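Q: This structure is in structure tokens; I'll ask about it shortly.
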Amino acid sequence: MITVADIQKKVDACQDEALQCLVEAIQSPSPTGSELPMAQTMKKWLDKLDIQVDAYEYEKDRPNFIATWTGSQEGKSFLFNGHMDVFPATESGDPNYNPWSGEIKDGYVWGRGTSDMKGGDCAALMAVKFLKEMGFDPKGKIILNYVSDEESGGEKGILSLLNDNLIQADFGISMEPSSQTDDTTDVMVGHGGVYPCKIVVYGDGGHAAKTIDPNDSDNIYGGEHAIQKAMKAVAALEKLAVEISKKPPTVLGQSHLAVTKINAGIAVNNYPRRAEICIDRRYMENETPESVDAEIIAALEAVKQEDPTFAYEFHNHYEPDTPVFINDEESEIVKAIDASCEAVCGRTPKHFTKVGGCDMAYVKRAIGGNYPWFGPGLLKGIASADEKVPVVNYLNCIKVYMATLVKLMG
């Protein structure tokens with residue numbers, strides 16, 4: 001029987017290898033849509049495990065991996081799910097800043113994606129590698145799933161894998177960052193829904209050298225171009241955002257609406273006839289996509305009441321929406337993580353919820369099970385110019401993953 005002391009000794013002896021894996025991942029730039037460098041790095045390390053590795057592409061050069069370690073006895077299936085894409089690099093005033101450095105300094109590994117979520121990706125891979133080297137024989141299957149396209153909704157990643165019935169599991173862990181401080185890792189047990197939507201508004205056009213003529217036969221929107229119409233829509237949406245912010249908080253957080261992107265115009269000397277307004281709406285367990293739609297449409301219809309020439313289209317699925325995600329705190333996976341963290345780190349992790357999203361929400365909706373977040377990396381530093389992961393935090397997560405697998409799959 002592999003003990004926690006055995007695990008501690010193994011990881012401590014192999015920490016240079018574990019850090020090398022993470023450094024190489026950070027040095028493989030992978031903004032959403034350009035995941036191939038990271039995928040090639042992960043494939044290199046997955047091949048070292050000597051387990052079945054299957055790759056699936058739903059768009060060229062954007063792989064998704066399902067690596068399966070099958071034990072000699074029948075049992076349950078444990079899923080590690082992580083994404084290989086990261087946010088674009090953040091600009092910095094520091095001339096020495098390199099978002100893809102993977103530098104190890106002052107007790108941290110630095111670079112874009114260290115927290116979200118290459119630290120977790122590598123920690124799960126190293127946990128499997130070390131357990132294999134220790135002779136562990138899982139009862140059932142341990143699955144490492146690494147996907148593209150998470151930050152843009154998952155159509156080219158987890159959603160297509162689920163649609164093709166390629167993901168099957170009883171429980172597992174999302175290795176998304178769940179650390180509040182450098183030396184502690186907690187358990188995220190749920191999050192609200194993420195609902196991206198888009199509004200298209202229309203206006204009159206023409207050459208910008210003269211005022212729009214509302215009597216021109218081409219103009220049917222009251223002599224206002226699309227940006228002017230969009231300003232009315234945005235004002236109504238900002239008013240709605242204030243009302244939404246007054247809703248009572250729930251166990252999963254606070255409802256929120258934000259206008260995040262506006263696109264309009266084709267040339268600097270032409271009035272735009274079309275404008276797109278993108279919305280990020282976070283909804284809670286007492287709301288539904290249908291109720292979100294109704295609120296936004298009501299706000300836009302109020303604009304139309306005041307301006308009969310206001311015309312719009314509402315697109316509520318221009319990106320996939322992430323469902324509300326709630327895990328059972330009394331489930332065997334949550335209890336196993338708690339016990340393993342206590343044994344490895346000397347503390348029981350706190351349970352928390354957040355306003356956010358993850359691919360595991362799609363997994364839970366599709367096949368059931370519990371898949372809490374437990375991963376290295378500081379929540380407060382995600383997508384910042386100084387994104388980093390504490391070395392001790394990364395190594396401890398490897399140990400906790402190993403102890404959890406031994407507890408549940410041994």
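Q: Determine, for each peptide in 262-269, 290-297, the mean count of other beta carbons within 10 angstrom over its residues, then list the peptides with the highest first.
A: Descending mean neighbour count gives 290-297, 262-269.
Q: What number comes out for the charge environment of Asn316, summing +1 per Lys or Arg and -1 per Asp or Glu over other residues with Cβ under 12 Å away?
A: -4
Q: Still on this structure, I have one more. For segment 122-168, which GluC sites (Glu not before Pro) are in a loop by DSSP, counting at most 16 other Cβ atoms within 10 Å?
A: Counting only loop positions with at most 16 other Cβ atoms within 10 Å, the GluC sites (Glu not before Pro) in segment 122-168 are Glu155.
Q: Return an integer: the convex hull volume of the alpha-carbon atoms of segment 341-392, in Å³ per residue.
A: Enclosed volume per residue, from the Cα hull, is 118 Å³.
Q: In whole percent, and with a 1.4 Å probe on the protein chains, what portion of the accessible area of the chain is carbon and sulfur?
A: Ligands and nucleic acids excluded, carbon and sulfur give 49 percent.
Q: Along the charge dipole of the chain, pointing to its positive end and built from +1/-1 on Cβ of Lys, Arg, Asp and Glu, which listed residue (Ala236, Ser77, Ile279) has its Cα farthest out?
A: Ser77
Q: What FRET efficiency comes out for Lys304 versus Ser34 if R0 is 56 angstrom and r is the Cβ-Cβ distance? Round to the nearest 0.05.
A: 0.85
Q: Shifting gears a bit: Which percent, to the nearest 5, of DSSP beta bridges fully inside the chain are antiparallel?
A: Taking every DSSP beta bridge with both residues in the chain, the antiparallel ones total about 70 percent.
Q: Using each residue's phi in segment 376-391, evaluate 6.51 cos²θ - 1.76 cosθ + 1.60 at θ = phi - 60° and report the 3J(HN,Hα) Karplus result to the nearest Hz, with x for Gly and Pro.
A: Values, residue by residue: x, x, 8, 4, 6, x, 4, 6, 8, 5, 10, 4, 7, 10, x, 4 Hz.
Q: Related question: Where the only charges are on Cβ atoms (+1 Lys, Arg; -1 Asp, Glu), what is the dipole of segment 217-343 about its Cα centre, to the nearest 20 debye?
A: Dipole size: approximately 820 debye.
Q: I've got another one for you. Across segment 197-272, how many lysine pairs, 8 or more positions apart or on different chains, have C-alpha atoms separated by under 21 Å? Please give the number.
A: Value for segment 197-272: 10.
Q: Can I ask one more? Tell me the per residue accessible area of segment 233-345 using a 1.4 Å probe; a whole number in Å² is fine.
A: Dividing the accessible area of segment 233-345 by its residue count gives 51 Å².
Q: Could I ask something else about it? What's the long-distance tail for the chain, i.e. % of Cα pairs beyond 42 Å?
A: Pairs farther apart than 42 Å: 21 percent.
Q: Looking at Ile227, Ala209, Phe325, which one has the Cα that reaches farthest to the positive end of the dipole of the chain (charges on Cβ: Lys, Arg +1; Asp, Glu -1)?
A: Phe325
Q: Using only helices, what value at 222 nm comes out for the chain when you add -39,500 (n - 2.57) per DSSP H run of length 4 or more and divide by the total residues, to the nearest 500 deg cm²/dmol?
A: -10500 deg cm²/dmol
Q: On average, how much accessible surface per residue is there in segment 69-226, in Å², for a 1.4 Å probe, leaving out ligands, DNA and RNA?
A: 37 Å²
Q: Note down the magnitude of the dipole of the chain about its Cα centre, charges +1 on Lys and Arg C-beta and -1 on Asp and Glu C-beta and zero elsewhere, to the nearest 20 debye.
A: Computed charge dipole of the chain: roughly 540 debye.
Q: Also, quick follow-up: State to the nearest 20 debye the size of the charge dipole of segment 1-104 about its Cα centre, where the only charges are +1 on K and R beta carbons and -1 on D and E beta carbons.
A: Value, rounded to 20: 260 debye.
Q: Quick check: with the 1.4 Å probe, what order do His256, His225 take by accessible area, largest first?
A: Largest accessible area first, the list is His256, His225.
Q: Quick check: net charge around Gly75, other residues with Cβ under 12 Å of its Cβ, Lys/Arg +1 and Asp/Glu -1?
A: That sum, taken over residues with Cβ under 12 Å, equals 0.
Q: Using a Förster radius of 35 Å, what is the FRET efficiency between Gln20 and Glu342 based on their Cβ-Cβ separation? Nearest 0.05, please.
A: Efficiency computed from Cβ-Cβ geometry: 0.75.
Q: What ranking of Lys350, Lys76 comes out by heavy-atom accessible area, probe 1.4 Å, highest first?
A: Solvent-accessible surface, decreasing: Lys350, Lys76.
The values are calculated or read from the model by the stated rules, or taken from the named source; none is laboratory data. Quick caveat, the model's predicted, so the values are computed rather than measured. Heads up, the Cβs are rebuilt from the backbone with ideal geometry, glycines too, and the neighbour counts pull from every protein chain shown. Note: accessible area is taken over every heavy atom of the protein model, side chains too, but ligands, DNA and RNA are not part of it. Shrake-Rupley method; radii C 1.70, N 1.55, O 1.52, S 1.80 Å.
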